[in-house]
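The structure appears right after this line, and notes come after that.
Please treat every number below as a calculation from the coordinates, not as lab data. What you see is a predicted model; the values in this text were computed from it and never measured. When we count neighbours, we look across all protein chains shown, and the Cβ atoms used for this are built from the backbone with ideal geometry, even at glycine.
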Amino acid sequence: MTDGPAGTLTGTPTPAQRLLQVRTIYAEPAARDSPRGRQVLERFPGAEIIEVPSHWQIPELHGNAGNVDRWVRVKTETLVLGVKKSLSARPNGRSSDFIAPSTANGCAMACAYCYVPRRKGYANPITVFTNIERITKYLRGHVSRQGPKPEPNQVDPHAWVYDVGESSDVSVDALVSDNVADLVATFRDLPTAKASFATKFVNRELLDLDPRGRTRVRFSLMPERDSKLLDVRTSPVAERIAAIDDFVAAGYEVHLNLSPIVLREGWERDWAELLVRLDDELGAAFKEQAAAEIIMLTHNRELHEVNLGWHPKAEDVLWRPELQQAKRSESGMWNVRYRNVPKREGVQAVTDLIARHAPWLRVRYAF
């Protein structure tokens, strides 16, 4: 594999190269000139660099409805470099105790149900925050101020858990910069805390980071029938399953996100088949420490309209007004979730399937 003119690729691309063929990098001056910014630019030497005053203010990207026609292409060919101005660790209580300050937002993948594109409007490619030293320093201080965890909770019995990938897929972020390696190294040395992130991309370079049990990877899984329709540009479900034991052996704590649960004809049969497969294919070391989150589909009217412009078949299963109701999210957005009864019945059905086919899989929470 070699680079051709203007950053194009020749030969057969790897999955990483299919995700990222960067031609344009929008960069805040401070981010561009930082050590981490220079590292990113060196990884994509053929890219055009366009200076911008703020990673939030790029008219060609944010709020540009014309990007619906280029939904995947923008994610493939564009990066943004910015500086994270405000640092905070927000309380969570579901997947984690706290949401850590993000070291990136946006994604090169294009899952049809993903909430991240709504943050900045339309395609929302990866933005890398280059002031990683400030972010990791803040995290060390925040962990120190918490002291030891006083009592167990559903997140973790001993450690304070920080979600480091709320608005991006950390496994993909690691293709762009060393921010992820720095996060894993930071939590490796924090005996009262763990990092945590969900992923749909298998990046085997992460196996070399030596997490020593202080980073939790949550592999997101769903039946292949759903994934082939909805998980656009992600690693195949079979590849994710095949990676689980290897990540455990490399020192990661590995959990599962059964997410999202999409209610459509035959969904219970397909989830049962997936759980049987997990029971058959995964090893004892994983099963001894395994836990799962059950997350029912959350959709959004604006994202529904966007999807109709680039992937309308996905909306045949995602947009089910007869089963869904509007609900305001914590961030103030109006999302669409399953009505109380079908949601409750769906959670119970998945819980029953786990008890029947994968009784070793502890359910941490269902949402």
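At a glance:
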{"quantity": "Packing-based order for 99-106, 123-130, 247-254, using average beta carbon neighbours within 10 Å, highest first", "calculated": "123-130, 99-106, 247-254"}
{"quantity": "Inter-label distance for Arg301 and Glu224, nm, one decimal - labels placed 7 Å from Cα along Cα-to-Cβ", "calculated": "3.8"}
{"quantity": "Rounded to whole Å, sorted largest first: equivalent-ellipsoid semi-axes of the range 28-84, Cα gyration tensor", "calculated": "22, 14, 8"}
{"quantity": "Chain lengthening between Ala326 and Glu133 when straightened (0.36 nm per residue, less Cα-Cα)", "calculated": "65.5 nm"}
{"quantity": "Note, ³J(HN,Hα) from phi for the range 145-150, Karplus 6.51, -1.76, 1.60, rounded to Hz, x at Gly and Pro", "calculated": "5, 6, x, x, 5, x"}
{"quantity": "Geometric extent, Cα atoms of the range 31-130 - Rg, Dmax (angstrom)", "calculated": "14.4, 43"}
{"quantity": "Spin-label model distance (nm) - Gln154 vs Arg43, 7 Å beyond Cα toward Cβ", "calculated": "3.5"}
{"quantity": "For the range 195-239 and the range 273-325, distance of Cα centres in Å", "calculated": "14"}
{"quantity": "Label-point separation, Arg264 to Phe367 (7 Å along Cα→Cβ), nm", "calculated": "2.3"}
{"quantity": "Most to least packed among 147-155, 295-303 [average Cβ atoms within 10 Å]", "calculated": "295-303, 147-155"}
{"quantity": "Rounded to 5, percent antiparallel among DSSP beta bridges of the range 2-366", "calculated": "30"}
{"quantity": "Over 22 Å (Cα to Cα) - which of Lys85/Lys200; Lys75/Lys200; Lys149/Lys287; Lys149/Lys327 fall in this group", "calculated": "Lys85/Lys200; Lys149/Lys287; Lys149/Lys327"}
{"quantity": "Dimensionless Rg over Rh [the chain; C-alpha; Kirkwood]", "calculated": "0.95"}
